[in-house]
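Here is the structure we will look at.
The values are calculated or read from the model by the stated rules, or taken from the named source; none is laboratory data. Being a predicted model, the structure only gives us computed values, none of them experimental. Cβ placement follows ideal geometry from the backbone for every residue including glycine, while neighbour counts extend to all protein chains displayed.
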There are 2 protein chains.
Amino acid sequence: MPRRADPQRIARKKDEIAVAAGRLFATNGFERTSVAQVAAAAGTSTASVFYYFSDKAALFRAVFERDLPTAEALVGRYADAEAPVPAILDMLSQLAEDAADPAASGMLVELLRRVDHDPELLAVVMRTAEVIREGLATLIARGIADGDIDAELEPAGTATWLQAVVDATYLNASPGHSPLPELRRTALGYLAPRWKEETKTP
Amino acid sequence: MPRRADPQRIARKKDEIAVAAGRLFATNGFERTSVAQVAAAAGTSTASVFYYFSDKAALFRAVFERDLPTAEALVGRYADAEAPVPAILDMLSQLAEDAADPAASGMLVELLRRVDHDPELLAVVMRTAEVIREGLATLIARGIADGDIDAELEPAGTATWLQAVVDATYLNASPGHSPLPELRRTALGYLAPRWKEETKTP
DNA sequence: GTCTATATTTAGATAGAC
DNA sequence: GTCTATCTAAATATAGAC
């Protein structure tokens, strides 16, 4: 089918394979998805898949390599926000946006599993997570300076925890139920400066 | 090695196999763990493993079947607590207790993955989760009645969300760092009755 | 009940023609 | 670059002796 070495077309094909793979990995899992299935879904052969990707693990990584630019754009969008707390809430909401989609939920779980066994994959996702963490931490520090966020909190650690809460949002996913209210209330309650006593001591 | 049909001994052996399996599944994952590895770790043969468990999936389920009694005991322990909010915090802390252990974290991820593909496993863990959810929901309702928890909250949904936050604790796990402070602060901030305005509107 | 040995199946990866 | 055909390895599950 190649008319010539058309770089546009081959890049598109590589992408199509990655997308098909992502869908299957998300629903069936990494090990339970065969390369043959991916090839069929992409309308090609296993040999072609291996022509574009060195091995099955690389195919999985490809799904996440597209996330870095998205994360950078997101962070950039809120970097100069006047009010840090609403900016944080909006960033978290964006991050949790796909949580209702069961495929996204499945893919997160799959990622968490594979990341322990694939150092290259770890590097890919760490870079993305790091971008988001720094974006959040910066906003948190500004919120503290403004007095809108509890000064007891440590920005980097707090950012990490908020990312974990976003992940929880995916785990808690159920179709037809938006997790955003819980997420926003959780973040607000966590960040808010504390009053005299937390509760009567137990 | 059998002196007779000693029911004590065979029950213990079944248990030992399940424990060995749990360790391996947690660190290496379900598919990447062979029954041969489990057998070796338990000091026996694959045939013996299949004598005790109908198949590999049953072996995985066995790991979680032991959780139900534990959950029931936990709920029972706090059912009659005088102060609901501290009781909730303590329950959550207990649930998050293993979060520092990387094996527990790995096992949670593995569970989330398998539960989509094994209805019997789903039934097992749903029963356990349901017990905890009801225990929490009851305490939340009492806290609302006492005025210590925001009356806007719906007990069952709130309980579910708190369980998700506990899961977040496992995802956020890193050795040497206890997740309990974040967890407690999150729960407290989430449950607390709200003041006049949450924040200046964005 | 426990083992050794093996049947069976499946999937990742490659060879080599076109 | 793309295919068909296949090699190779591994793992679940079972057979059957002890």
*Leading residue by the ranking (farthest from DNA strand D (Cβ to nearest atom)) among those in segment B:33-69 that are crowded, with 16+ Cβ neighbours inside 10 Å, more than 18 Å from residue B:128 (Cβ to Cβ) and within 14 Å of another protein chain (Cβ to nearest Cβ)*: B:33
*Do you know which of the residues in segment B:180-194 that are at pLDDT 95 or above and more than 7 Å from chain A (Cβ to nearest Cβ) is nearest to residue A:162 (Cα to Cα)?*
B:183
*Return the residue satisfying two criteria in turn: it lies in segment A:154-173 and is surrounded by fewer than 19 Cβ atoms within 10 Å (Cβ to Cβ) and more than 9 Å from chain B (Cβ to nearest Cβ), and of such residues it is farthest from residue B:105 (Cα to Cα).*
A:154
*Any chance you could count how many residues in segment A:41-51 are within 11 Å of DNA strand C (Cβ to nearest atom) and part of a helix (DSSP H, G or I)?*
6
*Out of all the residues in segment B:5-36, which are in a helix (DSSP H, G or I) and away from DNA strand C (no atom under 14 Å from the Cβ)?*
B:19, B:21, B:22, B:23, B:24, B:25, B:26, B:27, B:28
_Among the residues in segment A:54-73, are any within 16 Å of DNA strand C (Cβ to nearest atom) and polar (S, T, N, Q)?_
yes
*Here are some residues: B:160, B:138, B:128. Which one is in contact with an Asp or Glu (Cβ under 6 Å, 6 or more places away or on another chain) and over 18 Å from residue A:190 (Cβ atoms)?*
B:128
*asked:* I'd like the full set of residues that are surrounded by 18 or more Cβ atoms within 10 Å (Cβ to Cβ) and in contact with a helix residue (DSSP H, G or I) (Cβ under 8 Å, 6 or more places away or on another chain), limited to segment A:95-105.
replied: A:95, A:96, A:99, A:105
